[in-house]
Every structure is written in structure tokens, then in C-alpha cells.
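First comes the structure, then the notes that go with it.
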Amino acid sequence: MKVVIIGTGNVATILGRKILESPHDLVQIAGRTPMHAQKLGHRLNVPFTSPASTISKNADLYIVAISDDALTSVGEWLFLDKKLVVHTAGSVSMNVLESVSKNYGVLYPLQSLNAESVELPEVPFLVDGSSPDDLALINDFASSISSSVQVSTDEARKKLHLAAVIVNNFTNHLYVLAGNYCKQEQLDFNLLLPLIKETANRISYLTATDAQTGPAARNDTTTIKKHLELLKDHPALKKIYEEMTRSITEANSQRSVVRSGS
């Protein structure tokens, strides 16, 4: 397929790199900011353009990789008639594209993407289409650049996007808080990196429930009290520690009830 990417950020960059390694032909990068379009075009060695009125009309697939907020008004500046158009957002309905083209859908990469990644990450895709034919084309395209592709409705995709925020963005924020704590207490955060990697790897062969460890999981109230004492000068982190401990304790209690059959 001949492909045009509309967008110049992290998602556009990684998808562009993946397409360049595929049998498809990336024919153009389009961006609303000329400087950004030029930068990505040069990086991928692909023709670039700005504004939307100069987007090539000879491609088979148009990937709109712009922010969720920008997608809400995409129909005001982009019209591609019957061309197949997809957006890459997790929490936006595919119907936002119905004024852009008669043929549209979703190509959502369920992954945290960074334009500067040295190695291309494994990227699962959730796809949908406005018709069976459109869906088949989008699914085939996604399968050509990824080994993990699933058809997903708007509602299911929104829920998976929420789950992704929890496991990725929220977890990373805990790293931020732990890093700040270590800095304030003059501790070496890097000593925690092997633990972070092991914990992330463990849930590839255990359920997250079975992988849960720590004082809250074993109801070690003595250690919990010691930790809370250490956090007396870190009230925000203490509050999070208390809430996470409560949540883990409740989850383990419910698990025990299910196991006992009562």
C-alpha cells in the first residue's frame, strides 16, 4: 500500500519507521507545522508537506497520527473523499473521521511510543473499520507491521486505553515519586532498576495477582508502620503508600474469600 502519515510526533515517527521496514511505500509525511513536517521527512527520507491542502491524493491509506484534541476538529481541515483514513487514538471514536472520508477506521498502537527509541518496540494494534471491507484492509495492513492485531470496538478500545494509562503512566509516576524520595534521602535510585525490570518481566509468566509481594500482601503490619514513620516528612507519598496498602490488603482479603469458597 502507498501510505501517507499525517502527524509528526512520537506515534507518527515510530509508525513511519515501521512502514519503512515493511513491504509498503511511505509516500509522504504531512504536518500542520512546516518545520516539524520537514524534520520528520528528512529523518525518514520521505517527501513532506504542509498544509493539508497539499497532501497527496494518490495514496491507499492515510494515517492520522495527531493528538486526541486535534482529532475533534480534523473534519474542518481534512477531506479525502473515498480514501481509506485511520486515526491512531485510543479514546476517540472512529466516527470522528466520517466527515473526512466515506472509508475510515482505527489503527491504535497499544504501546508507549517514543520517537527517539533506538530499537523499534513490539507494538500490538487494535483495529476497527467503518465497513467489513475497510476493516479487512486495516487488519491486513496492521498484520504486516505487527504480530499482534485484534479487532476492537470503540468502547472496548477506550477501556483498554484506560487500563494502559494505569499500567504505564501511573506506574511511571510511582517511579518519579520513588526517584524524588531517593534524591531527598540521598539514596541511589539506580539500585532499584533490577527490581523494576524483574517485576515487569514476572507478569509475563505469572498473573499480576500471583506476582504480588510486599508487606501489604503478607499483612506485615510491623513493616508497614515502620514505612509510614519513615514517610512522616513526605506527606504526599505517605498518602499514596497508605492508599496502595489499603487496596492491596483488600484485594488479598477478597482473594482469600474466593479461595475458601465462603
*chymotrypsin sites (Phe, Trp or Tyr not before Pro) lying in DSSP loop within the range 153-262, provided at most 15 other Cβ fall within 10 Å*: Tyr205
*At 4 °C and 1.567 mPa s, grab the translational diffusion coefficient of the chain from Stokes-Einstein with a Kirkwood Rh over Cα pairs, rounded to a whole number in µm² per second.*
61 µm²/s
_List the pairs from Lys158/Lys183; Lys2/Lys102; Lys39/Lys158; Lys18/Lys57; Lys159/Lys232; Lys159/Lys225 whose alpha-carbon separation is above 25 Å, in the order I gave them._
Lys158/Lys183; Lys39/Lys158; Lys159/Lys232; Lys159/Lys225
*Could you tell me what percent of the DSSP beta bridges with both partners in the range 25-155 are antiparallel, to the nearest 5?*
25 percent
*Select from the range 184-258 those GluC sites (Glu not before Pro) which occupy a DSSP coil region and have at most 10 other Cβ atoms within 10 Å, ordered by residue number.*
Glu185
*Using a cut-off of 11 Å between beta-carbons, work out the net charge of the residues near Ser101 (Lys and Arg +1, Asp and Glu -1, Ser101 not included).*
0
*Assign one of three labels to the range 60-214, namely rounded, prolate or oblate, based on the Cα gyration tensor with a ≥ b ≥ c the square roots of its eigenvalues; rounded applies when a/c is under 1.5, prolate when it is not and a/b is larger than b/c, and oblate otherwise.*
prolate
*Only bridges with both residues in the chain count here: give the DSSP antiparallel percent, nearest 5.*
20 percent
*Over its Cα atoms, what ratio of radius of gyration to 2.2 N^0.38 Å does the range 1-104 give?*
0.96
*Whole-percent carbon and sulfur share, accessible surface of the chain, 1.4 Å*: 54 percent
*Under unit Cβ charges (Lys, Arg +1; Asp, Glu -1), what dipole magnitude, rounded to 20 debye, does the chain have relative to its Cα centre?*
400 debye
_Part-to-part distance (alpha-carbon centres) for the range 187-251 and the range 70-86, which is given in Å_ = 45 Å
*Would you check the accessible area of Val151, probe 1.4 Å, heavy atoms only, in square angstrom rounded to 10?*
90 Å²
*In square angstrom, what is the accessible area per residue of the chain with a 1.4 angstrom probe?*
59 Å²
*What is the packing order of peptides 120-126, 8-14, taking the mean over residues of other C-beta atoms within 10 Å and listing the highest first?*
8-14, 120-126
_If you filter the range 199-235 for trypsin sites (Lys or Arg not before Pro), then keep DSSP loop positions with at most 16 other Cβ within 10 Å, what is left?_
Arg218, Lys232
*Quote the charge dipole size of the range 1-93 about the Cα centre in Debye, to the nearest 20; the model charges only the Cβ of Lys and Arg (+1) and of Asp and Glu (-1).*
240 debye
*Average silhouette area of the range 139-184, convex hull of alpha-carbon atoms, in square nanometres*: 4.5 nm²
*asked:* Between Arg43 and Glu229, what is 0.36 nm times their sequence separation minus the Cα-Cα distance? Round to one decimal in nm.
replied: 61.8 nm
*asked:* I want to check the label-to-label distance for Ser56 and Val165. Put each point 7 Å from Cα in the C-beta direction and report it in nm to one decimal.
replied: 3.6 nm
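The values are calculated or read from the model by the stated rules, or taken from the named source; none is laboratory data. This structure is a prediction, so every number in the text was calculated from the model and none was measured. Methodologically, a virtual Cβ is constructed for each residue, glycine included, from the backbone with ideal geometry; neighbour enumeration extends over all protein chains shown. All accessible areas refer to the heavy atoms of the entire protein, side chains included, with ligands and DNA or RNA removed. Shrake-Rupley method; radii C 1.70, N 1.55, O 1.52, S 1.80 Å.
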